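Asks: Dropping the structure in here first, questions after.
The values are calculated or read from the model by the stated rules, or taken from the named source; none is laboratory data. None of these values were measured; they are calculated from a predicted model. Positions of Cβ are backbone-derived with ideal geometry, glycine not excepted, and every protein chain shown enters the neighbour counts. Side chains are part of the model used for accessible areas, which takes the heavy atoms of the whole protein and leaves out ligands, DNA and RNA. Shrake-Rupley method; radii C 1.70, N 1.55, O 1.52, S 1.80 Å.
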Amino acid sequence: MSELLSDFVSRVISAAGALDLEAVVRNELASADFRGGTGEDVLRGSHLPVDIATVTIGRFPILFGRLPISPDVALVRDGVRRYRNQGVVARSHLPPGQVLDLQLWLVGPDGSEDDPEWRALALAIERDDRVARKLVWLPPESLDERNEAFAGFIARTFLARPWEALPPQPAAPLDRLSALIDVAAELGIEQSVVDRWFELADSDLADGAELMDALVDAWSEVLP
């Protein structure tokens, strides 16, 4: 496994560990043995990738791969084709209930984040949903920016936990009946009207127009 791909896989496993998710190496998913038909077929090396890692995190089996060092369209297409073929092999080793969970995560060369050609290619790769869902991480050239860039990648995966970063939300004033009563008093609305409004809000009136008429009528009954 190349150093670039090894670093990518290590980062993902660390992110999973931070969520108490176990990462299990699945070497059989990277084999050339296709389990299908009446027997087992073996794909030739020219059809499969050379640099690959296979790990299951939670219920998701993931194929990890490395894109070429050049944004040459022909080279990238051939590389993705090989990984897609590997995905077909991997699916043959998975139980039916896990086949749709298969994902392919690819890493671009150092500095590819800043290259518009690579960004366009990454979008094209991710739009291709054949065999497995595909995600591409384009790491920046600067090592100092790499952690932040990787966090952005993880935010697009099933390892994201956006709800844990949300600040606590205070209760809305309209959710507090005491606040509504105070406002009504400031506006000079009779307590009996407010009580009637609460009764209507808790009633079985389903039609909005009918409920609105009833609310208006409750107020007009006390008007001089």
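Asks: Name the residues in region 61-110 that are in a loop (DSSP other than H, G, I, E, B), under 30 Å from SER142 (Cβ atoms) and either open to solvent by 20 Å² or more (accessible area, probe 1.4 Å) or of a type in the set (Phe, Trp, Tyr) (or both), would you? Before the answer, list the steps.
Replies: As a first pass, look at region 61-110 and keep what is in a loop (DSSP other than H, G, I, E, B): 67-72, 93-95, 100-102, 108-110.
Adding the requirement that they be under 30 Å from SER142 (Cβ atoms) leaves 67-72, 108-110.
Listed by number, the residues that qualify are PRO68, ILE69, SER70, PRO71, ASP72, ASP110.
Asks: Also, quick follow-up: Only residues that are more than 28 Å from VAL89 (Cα to Cα) and crowded, with 19+ Cβ neighbours inside 10 Å: list them for region 111-138, please.
Replies: Within region 111-138, SER112, GLU113 meet the criteria.
Asks: Among the numbered criteria (1) at pLDDT 95 or above; (2) under 23 Å from SER10 (Cβ atoms); (3) of a type outside the set (A, V, I, L, M, F, W, C); (4) open to solvent by 70 Å² or more (accessible area, probe 1.4 Å), which one does GLU145 miss?
Replies: Here GLU145 meets the rest and fails (1).
Asks: Here's another thing I want to ask about it. Collect the residues in region 97-142 that are closer than 17 Å to ARG66 by Cβ, among the aliphatic types (A, V, I, L, M) and touching a Phe, Trp or Tyr at 6+ places or on another chain (Cβ under 9 Å), keeping them in residue-number order.
Replies: LEU104, LEU106, VAL107, ALA122, ALA132, LEU135, VAL136, LEU138
Asks: State the number of residues belonging to region 171-191 that are modelled with pLDDT of 70 or more and either hydrophobic (A, V, I, L, M, F, W, C) or surrounded by fewer than 12 Cβ atoms within 10 Å (Cβ to Cβ) (or both). Let's see the steps before the verdict.
Replies: From region 171-191, those modelled with pLDDT of 70 or more are 189-191; that's our starting set.
Then keep just the ones that are either hydrophobic (A, V, I, L, M, F, W, C) or surrounded by fewer than 12 Cβ atoms within 10 Å (Cβ to Cβ) (or both); that gives 189, 191.
Residues in region 171-191 being modelled with pLDDT of 70 or more and either hydrophobic (A, V, I, L, M, F, W, C) or surrounded by fewer than 12 Cβ atoms within 10 Å (Cβ to Cβ) (or both): 2 in total.
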